[in-house]
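Below is one structure, written out as C-alpha cells, with a few remarks after it.
FYI, it's all coordinate maths here, none of it is from the lab. Because the structure is a prediction, the values reported are computed rather than measured. Note: ideal-geometry Cβ built from the backbone for every residue, glycine included; neighbour counts use all protein chains shown.
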Amino acid sequence: MVRVALPLVFLILTAALRAADRLPVEQQLAGAVKSPGITVVHFWATWCPNCAAEMANGGWRDFIAKNPAVNFVFVRAWDQKPGAPVLAKHGLGAQKNFLALEHPNPSRKDGEKLERILDLPMMWLPTTWVFRNGRLRYAINYGEVRFPMLQQMVDDAPAGRWDK
C-alpha cells in the first residue's frame, strides 16, 4: 500500500507545485480550458501577418458567431503592444463566449520567449488548440488556421467520439 501511495502523493504534489508556479494569465487559461465543453485557444500577436490575415474579412468574428456553444480564448503572446485595440478593430472582444488574455512576456528572442504553456509547446504564431473538458483534442501549431478545417475539429471534439 505504501509503495502505491508514495508515487501518488508525489504526482499530486508535483501537479500542485507546477500550478503554483504558473503566472496568473496561465492559471486563468488553465481554468478556461478545464471548463465544460469545447474551448478554442488561439495564440496571436499584433505584429504577426498570419494572425492579421486570420482576422481580416471577419474570419474569427464570423467563426465565433457560428459557434456560440464554444468558448474562445485569445492569448496575445510575444508582443509588447496591447491586443484589445486590434481585436476590437476586427469585431472581437464583446462576444459572451470570448476571453482575451495577454501574456506578460513580450520577448520573441530564442531562450527568452514563451515556449511552453499548460505544459504544451507553443513555438509559432499563430497557434490554435481545441480542448474539450480540459483535454487537448487538436493542435494547429505552425501557421494560419483555415476555418473549414477548424470547424471540422470543433465538430469532432464533443464527448463520446474519443472517450469510448
Practice problem: Would you order HIS42, HIS90 from fewest to most other beta-carbon atoms within 10 Å of each residue's own beta-carbon? | Solution: HIS90, HIS42
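Rank these for me by crowding, TRP47, TRP78, going from fewest to most other beta carbons within 10 Å.
On the way: TRP47 14, TRP78 22.
The fewest-first ordering by Cβ neighbours comes to TRP47, TRP78.
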Practice problem: Could you line up MET153, MET122 from fewest to most neighbouring Cβ atoms inside 10 Å? | Solution: MET153, MET122
Self-check item: At R0 = 25 Å, FRET efficiency that the Cβ-Cβ distance of LEU118 and ASP62 yields, to 0.05
Solution: 0.40
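Could you size up the charge dipole of region 23-156 around its Cα centre, putting +1 on the beta carbon of Lys and Arg and -1 on that of Asp and Glu, and report it in debye to the nearest 20?
The calculated dipole for region 23-156 is roughly 220 debye.
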Exercise. For region 23-156, give the share of DSSP beta bridges that are antiparallel, in percent and rounded to the nearest 5; count only bridges with both residues there.
Key: 55 percent
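Mind running the shape call on region 23-156? Use the C-alpha gyration tensor, a ≥ b ≥ c as the square roots of the eigenvalues: rounded below 1.5 for a/c, prolate if a/b tops b/c, oblate otherwise. Each step should come with its number before you reach the end.
Values: a/c = 1.44, a/b = 1.16, b/c = 1.24.
Here region 23-156 falls in the rounded category.
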Practice problem: Return the distance in nm (one decimal) between the two label points of a simple spin-label model at ASN133 and GLN80, each offset 7 Å from Cα along Cα→Cβ. | Solution: 4.5 nm
